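Below is one structure, written out as structure tokens; comments come after it.
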Amino acid sequence: TTARRHRRPPAPAGAPPRSGATTVARVRVLLVSTYELGHQPLGLAVPAGALAAAGHEVRCTDLSVEDLDPADADWADAAAVSVPMHTATRLARRVVRDLRGRRPALPVALYGLYAAVGAADADLAVDIAVAGEYVPELVAWADRLAATGAALATPAAARVVVRLDRHRQPLPARRLLAPLERYAQVVVAGERRLAGYVEASHGCAHRCRHCPVPVVYDGRTRLVDVPGLLADVQALVDLGARHLTFGDPDFLNGPHHARRVVEAVHGAFPDLTFDATVKVEHVLRHRTLWPAMAAAGFLFVTTAVESADDRVLARLAKGHTVADAVQAVAVLRGAGIEPRPTFVPFTPWTDAAGVAAVLDLLARCDLQGNVDPVQLGIRLLVPPGSLLLGDPDLQACLDGYDAEALTWRWRSPDPRLDALAPALSALAEDAEAEGWGPARSHDAARRLVAERLAMPDRAAAPPPDPALRSPLAPENRPRLTEAWFCCAEPTERQWAGAGPSASRCR
């Protein structure tokens, strides 16, 4: 392979890229990630493996844990920036601007689920934006640059490509990335364990209207072959991983495939533990799977409950009700697996009672130790292409497109809610920075909601349902140490650590 972790001698600062008149057999590609929910970025490892296998030289930089070396920016013939989610895309825009400022003619690509959203920013003028199954197109792009010369004229509007073709995923180049010790770890009964991140499938069979996945995949899924996945798990175990996150949009989109994956991984690595993301309706539909999943090492399941209001759930086409979500808690806990629900408490259809109902639901289901405070302040994102844009009631709430925030702005019919959401997000930042425990965080959120919405009767939490109680104390429930969320706005810490100060090459 031509992908190396060691550094080649850097080009002089400000040196131009190689002349386009010279045909090259390979190009030097700099892959950049800004944020992947605290885990080691698969969005760097997979394309790095594919580009290296195609004969190109690769360097990787993850701005969530390291600065961008100016020597790498000068070394590169081309750069590609991973944009798998909203937070990462907002941060990536600054990275592209910095690269353009230093190397105006440097070919730059965006790739990942949000590639088309990022490319909509005319100021960035990236050469290509690839969504979906982006790896073959990235390799083809590098091959074209190798054949024609890496230096290009200043690009015009980006060419946006959505690839959904089936292909064999290359072995991710894990050793080009920062070590697992620098990423989120799993905490089990106070013990921290190194955690790896893999995906057994891409896409989703469902079309939840607020989710960016169906905008690209349109109800389709692409499976990762089991032998290739096992080879990647072996690489992670060799790097010290004792836990795996299955990061599929929904691990049970293909239940038979998921079962084969778990059986194969558990059979080869019986001491590994797991977590995954699964829709509420799949938790219930495949309830007979959960005892075997628990026996194989599943510790917790993330599931997008989203709201405690059935009217909102119907608007989002979630495919479940609040009662279903409560039943899913019972199913998972009955199998010995902790649920970790996620929420979007603020939508154009949410009223004050709906916000308070989320807190009550968490208390009744004994979930305050399972839901990070950041979940409580999230507002619905409406990016370009969102399936929600066809909703006439949403159209009535829209307040213009915010190009910097990469979303259509909307106003709640209750202005108090527009002020409450950022106040809860600020509280979540304080809770994370100061290490508040679950009880303190949720009590503070409940007091804030009761005060801002003039609901003194909601200041005290209802008692938990004895049938839904967890056998574990809130502070002892398994979790990952990264508490942030893909649809949250970047924090000040993220702007400082993975934004302009880290990415700037000048």
Requested in this report: Would you pull out the residues with amide H under 5 Å of ALA304's amide H, same chain only if 5 or more places away, H placed 1.01 Å from N?
Outcome: VAL278, VAL280, THR342
Report task. Could you tell me the convex hull volume per residue, in Å³, taken over the Cα atoms of the range 319-397? Result -> 120 Å³
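Apply 1/(1 + (r/R0)^6) to the Cβ-Cβ distance of GLU263 and LEU164, taking R0 = 30 Å, and write down the FRET efficiency to the nearest 0.05.
Calculated transfer efficiency: 0.60.
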Requested in this report: Averaging sequence separations of C-alpha pairs under 8 Å and six or more residues apart, then dividing by the length of the range 320-432, give the relative contact order as a whole percent.
Outcome: 28 percent
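Starting with the highest mean, order 453-461, 166-174, 193-201, 126-134 by the number of other Cβ atoms within 10 Å, averaged over the residues of each peptide.
Working: 453-461: 13.3, 166-174: 17.8, 193-201: 22.3, 126-134: 25.2.
Going by the mean number of other Cβ atoms within 10 Å, highest first, we get 126-134, 193-201, 166-174, 453-461.
What fraction of the Cα pairs in the range 180-233, stated in percent, has a spacing above 17 angstrom?
Details: 839 of 1431 pairs.
Counting every Cα pair in the range 180-233, those more than 17 Å apart make up 59 percent.
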Requested in this report: Scale the Cα Rg of the chain by the rule-of-thumb value 2.2 N^0.38 Å and send over the ratio, two decimals.
Outcome: 0.97
Report summary line: Quick calc: nm separation of the 7 Å Cα→Cβ label points for GLU404 and ALA125 -> 2.2 nm
Query - Distant alpha-carbon pairs in the range 364-481 (separation over 20 angstrom), percent - result: 55 percent
Report task. Give the relative contact order (percent, whole number) for the range 39-194; include only Cα pairs under 8 Å separated by 6+ residues. Result -> 29 percent
Query raised in the report: So what is the diffusion coefficient of the range 239-380 in µm² per second by Stokes-Einstein at 25 °C and 0.890 mPa s, using a Kirkwood Rh over Cα pairs?
Result: 156 µm²/s
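In Å, what Kirkwood hydrodynamic radius results for the range 419-479 from the alpha-carbon pair distances?
Its Kirkwood hydrodynamic radius stands at 13.1 Å.
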Query raised in the report: Hey, what did the chain get for relative contact order, percent, Cα under 8 Å, at least 6 apart?
Result: 16 percent
**Report entry** Average accessible area per residue (Å²) across the chain - probe 1.4 Å, nucleic acids and ligands excluded
**Finding:** 38 Å²
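The values are calculated or read from the model by the stated rules, or taken from the named source; none is laboratory data. Quantities reported herein were computed from a predicted structural model and do not represent experimental measurements. Please note: Cβ atoms are built from the backbone with ideal geometry, for glycine as well, and neighbour counts cover all protein chains shown. Calculation scope for accessible area: heavy atoms of the full protein, side chains included, ligands and nucleic acids excluded. Shrake-Rupley method; radii C 1.70, N 1.55, O 1.52, S 1.80 Å.
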